[in-house]
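Quick note: the coordinates plus some simple rules give every number you see, no bench work behind them. What you are looking at is a predicted structure, and each value in this text was computed from that prediction instead of being measured. Glycine also receives a Cβ, built like all others from the backbone with ideal geometry; neighbour counts cover every protein chain displayed.
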Ligand code: HEM
């Protein structure tokens, strides 16, 4: 009998030890659980590349200005120490905002020819032009023709499903024009933008006053030039004849 009592006591002791072991280890197991969970959440975030890219992109963008402002602050702090530092004159980067929208006062001059509003502003180097046609086809202007369309420096623009097409042409006959690049010249449009509504097309562009191209016309600040304007109500095809066309004149500002 005493043998069975000893066995029972041994079993009870083993059970007690096992219980003690579990209880003493439990707090160590509990903190481990969230670590595992957060590791798995982290791996879930990594497995959503779009989210992580979208988050990291602005962070990179924010870093750049911070670095720039640090540089600026350093320069400002250093300025009094160097009497030779002089203020930098502001540089005029652009005369108008070439964005496909024309705001009040954006251009110094405007006129209306054949239903097309023509806006322009120049300095000593470039001419910025805005055209607004009452159609959804191309809109175009030709500078300084010799005989009807002959010899004019044409710029034609069209907007189709939000995409602007702009081309530098030259009047190679009294009633014809073709791309400068086809006629041995160069496309000299420096910058352009366009926008279209149901009943209106806006095209803005910048060209050099003197590109030096044989298929352009030199324009001189302060000069006055005849212009041709045309648009097609529906077609974006530059080879299709105008719905309406007219002539007018632009006078450029003297060089500042
Ligand atoms: C493929 C395109 C073009 C074709 C087939 C074409 C055709 C013609 C024809 C046949 C004429 C003479 C008949 C008329 O007075 O209507 C003409 C005149 C005229 N075109 Fe065009 N044209 C085209 C593009 C342009 C463009 C892009 C402009 C202006 C930016 C323009 C402006 C004019 C003007 C102002 C006249 C009258 C000229 C005058 O009589 O003094 N044309 N065009």
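Computed from the Cβ-Cβ distance with R0 of 30 Å, the FRET efficiency linking residue 239 to residue 104 stands at 0.25. Summarising the label geometry, the points placed 7 Å from Cα in the beta-carbon direction at residue 189 and residue 112 lie 2.6 nm from one another.
From least to most packed, judged by other beta carbons within 10 angstrom and beginning with the fewest, 251, 136, 215, 111 follow the order 251, 111, 136, 215. Full extension of the chain between residue 163 and residue 150 gives 1.8 nm of extra length, using 0.36 nm per residue less the Cα-Cα distance. Here 96, 158, 191, 224 are placed in order of increasing Cβ neighbour count within 10 Å, fewest first, which gives 224, 191, 96, 158. Taking the fewest neighbouring Cβ atoms within 10 Å as the starting point, the ordered list for 249, 148 is 249, 148. Across q = 0.09, 0.11, 0.18 Å⁻¹, segment 109-251 modelled as identical point scatterers on its alpha-carbon atoms has Debye log10 I(q)/I(0) values of -0.22, -0.34, -0.97, in the order of the q list. Here segment 165-219 and segment 146-164 have alpha carbon centers that stand 5 Å from each other.
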